[in-house]
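The values are calculated or read from the model by the stated rules, or taken from the named source; none is laboratory data. Here the structure is a predicted model, which means the values were calculated and not measured. Virtual Cβ from ideal backbone geometry, glycine too; neighbours counted across all protein chains shown.
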């Protein structure tokens, strides 16, 4: 609350308070939510399988849906394994990005 009062004393408006005070405090939360949502999107199978089964011409197909299709519909285990490794690498990269953002604020 003191930060907002000092902003008003210095002549700042509501937008400057949001950008310079509120957003920096919410940065860790925003980064965590974005990374978790990206990981959930990459791994989304159930909702797509139930609603569209990959959609018209694969329009709603994700990597995990492709792994599922290659494994259980095409019986292409080598292709499914390669795609699963790519999916794993993407998840590791997203996790490392989240860790880097979290460490930057603690140092």
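Table: residues versus (1) in a helix (DSSP H, G or I); (2) touching a residue at least 24 places away in the same chain (Cβ under 8 Å).
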| residue | (1), (2) |
| --- | --- |
| 38 | yes, yes |
| 44 | no, no |
| 48 | yes, no |
| 67 | yes, no |
| 75 | no, no |
| 83 | yes, no |
| 86 | yes, no |
| 92 | yes, no |
| 96 | yes, no |
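Find the residue count for segment 50-63, including only residues that are in a helix (DSSP H, G or I) and either in contact (Cβ under 8 Å) with a residue 40 or more places away in the chain or touching a helix residue (DSSP H, G or I) at 6+ places or on another chain (Cβ under 6 Å) (or both).
Of all residues in segment 50-63, those in a helix (DSSP H, G or I) come to 50-51, 56-58, 63.
Remaining after also requiring either in contact (Cβ under 8 Å) with a residue 40 or more places away in the chain or touching a helix residue (DSSP H, G or I) at 6+ places or on another chain (Cβ under 6 Å) (or both): 63.
Of the residues in that region, 1 qualify.
Return the total of residues in segment 16-52 being surrounded by fewer than 13 Cβ atoms within 10 Å (Cβ to Cβ) and either touching a strand residue (DSSP E or B) at 6+ places or on another chain (Cβ under 7 Å) or over 28 Å from residue 100 (Cα atoms) (or both).
Going through segment 16-52 one residue at a time, the tally reaches 4.
Do you know which of the residues in segment 98-107 that are touching a residue at least 24 places away in the same chain (Cβ under 8 Å) and within 18 Å of the chain's Cα centre (by Cα) is surrounded by the fewest Cβ atoms within 10 Å (Cβ to Cβ)? It would help to see each step written out before you state the result.
First, pick out the residues of segment 98-107 that are touching a residue at least 24 places away in the same chain (Cβ under 8 Å): 98, 101-102, 105.
Restricting the remaining residues to those that are within 18 Å of the chain's Cα centre (by Cα) gives 98, 101-102.
Values: 98: 18, 101: 16, 102: 14.
In this case the residue turns out to be 102.
Taking segment 60-104 on its own, how many of its residues are over 20 Å from residue 37 (Cβ atoms) and at pLDDT below 85?
Matching residues across segment 60-104 total 2.
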